[in-house]
1. So residue 170 clears everything in (1) surrounded by fewer than 22 Cβ atoms within 10 Å (Cβ to Cβ); (2) within 10 Å of the ligand (Cβ to nearest atom); (3) in a helix (DSSP H, G or I); (4) touching a residue at least 60 places away in the same chain (Cβ under 8 Å) except one condition, right? Which one?
2. Of everything in the range 205-260, what is of a type in the set (A, V, I, L, M), surrounded by 19 or more Cβ atoms within 10 Å (Cβ to Cβ) and more than 14 Å from residue 113 (Cα to Cα)? Give them in sequence order.
3. So residue 451 passes all but one of these: (1) in contact with a Phe, Trp or Tyr (Cβ under 8 Å, 6 or more places away or on another chain); (2) modelled with pLDDT of 95 or more. Which condition number does it fail?
4. Restrict the check to the range 152-160 and report whether at least one residue is under 30 Å from residue 31 (Cβ atoms), surrounded by fewer than 24 Cβ atoms within 10 Å (Cβ to Cβ), in contact with a helix residue (DSSP H, G or I) (Cβ under 9 Å, 6 or more places away or on another chain) and not hydrophobic (A, V, I, L, M, F, W, C).
5. Return a yes/no flag: does the range 63-78 have any residue that is at pLDDT 95 or above, farther than 17 Å from residue 452 by Cβ and among the acidic types (Asp, Glu).
6. Starting from the range 418-431, take each residue that is in contact (Cβ under 8 Å) with a residue 60 or more places away in the chain and on the phi > 0 side of the Ramachandran plot and list its partners that are aromatic (Phe, Trp, Tyr) and surrounded by fewer than 20 Cβ atoms within 10 Å (Cβ to Cβ), counting only C-beta distances under 9 angstrom and pairs at least six apart or across chains.
7. Within the range 393-410, take every residue that is more than 26 Å from the chain's Cα centre (by Cα) and not basic (Lys, Arg) and give me the one that is surrounded by the fewest Cβ atoms within 10 Å (Cβ to Cβ).
8. Could you list, in sequence order, all residues of the range 383-394 that are in contact (Cβ under 8 Å) with a residue 60 or more places away in the chain and touching a Phe, Trp or Tyr at 6+ places or on another chain (Cβ under 6 Å)?
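The values are calculated or read from the model by the stated rules, or taken from the named source; none is laboratory data. Everything numeric in this text was worked out from a predicted model, so none of it was measured. Here the Cβ is made from the backbone with ideal geometry for all residues, glycine too, and neighbour counts use every protein chain on show.
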Amino acid sequence: MILPGKFTEEMDAFFSRHKDIPSEGFYESFDTPGRKGIRLSTLKTDPDTRDEIVSALTGSVERVPWCSCGYYAPTDISNSNPYYHAGVYYPQEPSAMLPAEVIAARPGEVILDMCAAPGGKACRIGEDMRGKGLLVANEINYDRSKALLRNIERSGITGVVILNETPQNIASRLPGFFDKILIDAPCSGEGMFRRDPGAVRSYEEYGPSKIAPVQQEILDAADICLKEGGEIVYSTCTFCEDENEAGIRAFMDKHPGYEVIPHPEIEGVTSSAPSSLLQGSMRIWPHLNPGDGHFCVHLKKQGTRISTDLGQFIPRGLKASGREGIESAREFLRDILTDTALARFKDRPFAVHGQSIFLIDFDEKLFRGLKTVKTGLYVGDFRKTGYKTVFTPSNSLALTLQRADIRPDSYLSLPPDSDGINRYLKGETIMIGEDASGLKSKGYIVVGTDDYPLGLAKAGGSMLKNLYPKAWRIV
Ligand code: SAM
């Protein structure tokens, strides 16, 4: 492919400055197609069954060495399988799986993904947190924040707030708040050239000299948001040193007290060469590693980390209609959930906003003054008709459930290659056959493929009313 002259000049100079980084085959790598990958959900799959699931999906089992739940995909399966719609897997370029593995999110942490859309890394972080703690996924671009919302809903992760904000506004509202921050920075995108012709055009417009100062502003804001003793994982998909090692070095000079957490032993990842400006940082080189170009570094801020007080959601001034709305939501949950699953919802704080009900496990005031796209778990909507309050559950709630959470008479499992699942995902009516014996004859049910919930339907006689949302349907 024809590479921008400015880029080849810059890379020639890079390789002559760093003779310890092999350059042979670098330019040729742009003429080989990048490998495709899929990442399995750590929330919806177990380590011991992942190989089997991937084998059924792709016909091969080849692990991405630097991601415990990542696999190479021999063909592009993107969204062609119902398992995708159930959030079982996410198509992701293999190198892009590294930063969320490095941040190693744990339940109970408070984590910010500063540049989150479309959300592959945010979903992995949320899966690892298992609904405990708080993940704030931010995207500055409103349209992209919608794609982030859809991906987060599909993943079924909970304990998430989605913001559509500038890093500076987050810093002014939430200083010293986060245990960990991921900055998967906007960059000149050199690592994407071979995959996306648009990346070359965008490079000509937003090359390194324009984007490097933006990266520094994002890092400065992250420093304000981060606690003492907190961690930053910074990554880009570019080769440019000014956006990577030199950029982080400049940040560390400006903010003394950060050190690099070295990860020298990640299989398939090239550790910083002796001549690198930043020891302990990581690169994926397309001519040396089986992935697109990527840079990643893990930083720690000095000090002792103290846990964050997320406060409590306190319902205030709830009208009688709101209380009835909450009761109708609880009634729905009692109708479809097992006693064990129901216990998880007991005593959780339901919030009423207008006619909608949410589950919010933190003080909502934390995010006052910031543009929120999603706060907590959207449970559904209610409306009053005559003496009754009618509750309409949200399909995104169904995606947060595991099969074991759902009463057997409220779960219809359809095989991934069946006509029934195809009809469900297209929004068509489903006739109930023998496969539905034991299903309740009236009321809401969860439809899933194998063991993975997809959305809702309403039973009534021999037919199921399909409630799969229009915006989610396949065509
Ligand atoms: N982490 C994402 C994922 O895994 O899907 C990919 C993020 S992409 C590399 C970088 C994101 O940064 C883009 O969505 C872009 O809109 C956002 N961005 C651009 N300028 C920004 C800025 N000044 N501050 C914060 N984010 C910005």
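1. (1)
2. Taking the range 205-260 and keeping what is of a type in the set (A, V, I, L, M), we get 211-212, 214, 218-219, 221-222, 224, 226, 232-233, 246, 248, 250, 252, 260.
Still in the list and also surrounded by 19 or more Cβ atoms within 10 Å (Cβ to Cβ): 211-212, 218-219, 221-222, 226, 232-233, 248.
If the condition is that a residue be of a type in the set (A, V, I, L, M), surrounded by 19 or more Cβ atoms within 10 Å (Cβ to Cβ) and more than 14 Å from residue 113 (Cα to Cα), then 211, 212, 248 are the ones that fit.
3. (1)
4. In the first step, residues of the range 152-160 are kept if they are under 30 Å from residue 31 (Cβ atoms); the result is none.
Checked against the condition, which is being under 30 Å from residue 31 (Cβ atoms), surrounded by fewer than 24 Cβ atoms within 10 Å (Cβ to Cβ), in contact with a helix residue (DSSP H, G or I) (Cβ under 9 Å, 6 or more places away or on another chain) and not hydrophobic (A, V, I, L, M, F, W, C), the range 152-160 yields no hits at all.
5. no
6. From residues that are in contact (Cβ under 8 Å) with a residue 60 or more places away in the chain and on the phi > 0 side of the Ramachandran plot, there are no pairs.
7. Within the range 393-410, the subset more than 26 Å from the chain's Cα centre (by Cα) is 407-410.
From the residues that got through so far, the ones that are not basic (Lys, Arg) too are 408-410.
Numbers: 408: 10, 409: 15, 410: 19.
Among those that are more than 26 Å from the chain's Cα centre (by Cα) and not basic (Lys, Arg), it is 408.
8. Of the range 383-394, the ones in contact (Cβ under 8 Å) with a residue 60 or more places away in the chain are 384, 389-391, 393.
Across the range 383-394, the qualifying residues are 389, 391, 393.
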